[in-house]
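Have a look at the structure below, then the notes.
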Amino acid sequence: MSQWVYGLVDMQSFYASIEVASRPEYALNRREEDDRTDPPLVVSGDPARRSGVILAATPEAKRLGVQNAMRLGEALQLAPHLIVVRPHMRLYLEVSVRIQRVIQSIFPLVEPFSVDEAFFAFPYPSALFPDPIAAARRLKETLWDVFRVRCRIGMGPNKWMAKVINNQAKQHPGGILWWPQEEARAQLHRLPVEAMWGLRKRAEVLKNEFHCQTIGDVAALPVHPLRHRFGPAWGTILHRWANGEDGSPVDARSFDVPHKGYSNRTTLPRDFFDREEIAVVILELLDEVCYRVRRANQQGRRLSLSLTYERLQGGFLKTKTLSFYSNDPDELYPQALALLDRWWEGCGVRAVSVGLDRLAPAQTQQLSLFRHTEQRRRLLATTDTIHERYGETSLMRASSLLPGSQLRDRTLRIGGHSA
């Protein structure tokens, strides 16, 4: 009787790999099974000003102590001879789409998970897939032959296990690891608690409060204390994961699922200490979020504001549930400023994020004697049309001419980075 094998393919040092592969002076010397043939290259913000953070680093750069999210200046102190290149997000996205198409040509079910990851599934044993390792090796070799990008692949009896196994494949020869269903749980229970993907700080709680060292220790716990400590939902999830259970399907249309909320984030070119400069950034982000909500024909009533402080350390994320639904930035802006004034400690701000969720259809309107709802709706629709036809900077607020504005710079970027 056949069963389904679930896999996760993860591109190694994706942005950095594409940069190396696209440069003949480095590409000719590379070997698939030897990542030491890559140069010590990193992708970061602005090499000329030694600013920004490390977005991706080749394995050779990581051997020098460089890590993702490290500040570029700090990385250059560790490794003065690093090769630093600016990000080219348009290229990365184009390659990502092509890679997803290759994966779809090999496996019957594929779900994009991120720009450099994808889940897949196939029936085993079957005429097309008599050997899961051979199928994974075919994908790995194809991605190298076509894109010169290395990858690792983990396969198991469900999606969550595939993610855990993928992480273990880093240390496995060839970067491919498969745990058949009959041995997957035993293999899982040998791993340390930290190997449970998706836990974040909950792993520390399991170690310190429940004295669990391995995933098997977590599996041996009754579900009731887990529910009491982590809540009914997370307690049940932890119990199932520790026992190797996950019923999530591989959904090829996952990106078509309606959004539960919208947000936008920007990292600032310097630390902002002035309230008015921060307020300008908040309004610009709010404009973008509300535009996306309007395009989805929705409106929201819970607003969120997140600030990250100097050196991208510390900060807060706070929300406010409103008494009304809206997709109008002018209505929501005072609420965002109230969150800023309530929670900001006056520290330098290096990143700002604004979000809107708890959505409802835009046709659901709460009438007011004090708001010209229909006039305002037509005005926003007109500005949206202008922006779509002529670009975001074709019609700007006067505040976007102030020094703190990030709008014009953001329109030249994709995902916050150079296109």
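Miscellaneous remarks
- Selection of strands (runs of 3 or more DSSP E) fully inside segment 253-362 by the criterion of at least 3 residues being in contact with a strand residue (DSSP E or B) (Cβ under 6 Å, 6 or more places away or on another chain) and farther than 25 Å from Val53 by Cβ returns 298-309, 315-326, 349-361.
- The residues in segment 294-340 that are touching a residue at least 60 places away in the same chain (Cβ under 8 Å) and out of contact with any Phe, Trp or Tyr (no Cβ under 8 Å at 6 or more places or on another chain) can be counted, and the count is 7.
- Test result for Thr58, closer than 17 Å to Ser17 by Cα, outside the structural domain of Leu28 (by TED's automatic domain parsing) and hydroxyl-bearing (Ser, Thr, Tyr): no
- Within segment 258-274, the residues that satisfy the criterion of being basic (Lys, Arg) and touching a Gly at 6+ places or on another chain (Cβ under 9 Å) are Arg265, Arg270.
- Screening Val250, Val218 for residues that are crowded, with 17+ Cβ neighbours inside 10 Å and either within 28 Å of Ala136 (Cα to Cα) or at pLDDT below 95 (or both) leaves exactly one candidate, Val250.
- Here the condition is being assigned to a loop (DSSP other than H, G, I, E, B) and in contact with a helix residue (DSSP H, G or I) (Cβ under 8 Å, 6 or more places away or on another chain); of His239, His211, it holds for His211 alone.
- Any hit, segment 318-329, residues being surrounded by 15 or more Cβ atoms within 10 Å (Cβ to Cβ) and closer than 21 Å to Leu402 by Cα: yes
- If only residues of segment 57-106 that are in contact (Cβ under 8 Å) with a residue 60 or more places away in the chain, hydrophobic (A, V, I, L, M, F, W, C) and not in a helix (DSSP H, G or I) are counted, the one that is surrounded by the most Cβ atoms within 10 Å (Cβ to Cβ) is Val85.
- Failed item in (1) buried (at least 21 other Cβ atoms within 10 Å of the Cβ); (2) among the charged types (D, E, K, R); (3) under 18 Å from Gly198 (Cβ atoms), with Arg152 passing the rest: (3)
- Residue within segment 127-137 that is basic (Lys, Arg) and either in contact with a Pro (Cβ under 7 Å, 6 or more places away or on another chain) or free of Cβ contacts under 8 Å to residues at least 24 places away in the same chain (or both) present: no
- Unmet requirement for Arg408, which otherwise passes all of (1) part of a loop (DSSP other than H, G, I, E, B); (2) at pLDDT below 80; (3) not hydroxyl-bearing (Ser, Thr, Tyr): (1)
- Pairs where the first residue, in segment 200-215, is surrounded by fewer than 10 Cβ atoms within 10 Å (Cβ to Cβ) and the second is assigned to a loop (DSSP other than H, G, I, E, B), C-beta under 7 Å, 6+ apart: none
The values are calculated or read from the model by the stated rules, or taken from the named source; none is laboratory data. Treat the numbers as computed from the prediction; the structure is a model and nothing was measured. Every residue, glycine among them, receives a Cβ derived from its backbone with ideal geometry; neighbour counts consider all protein chains shown.
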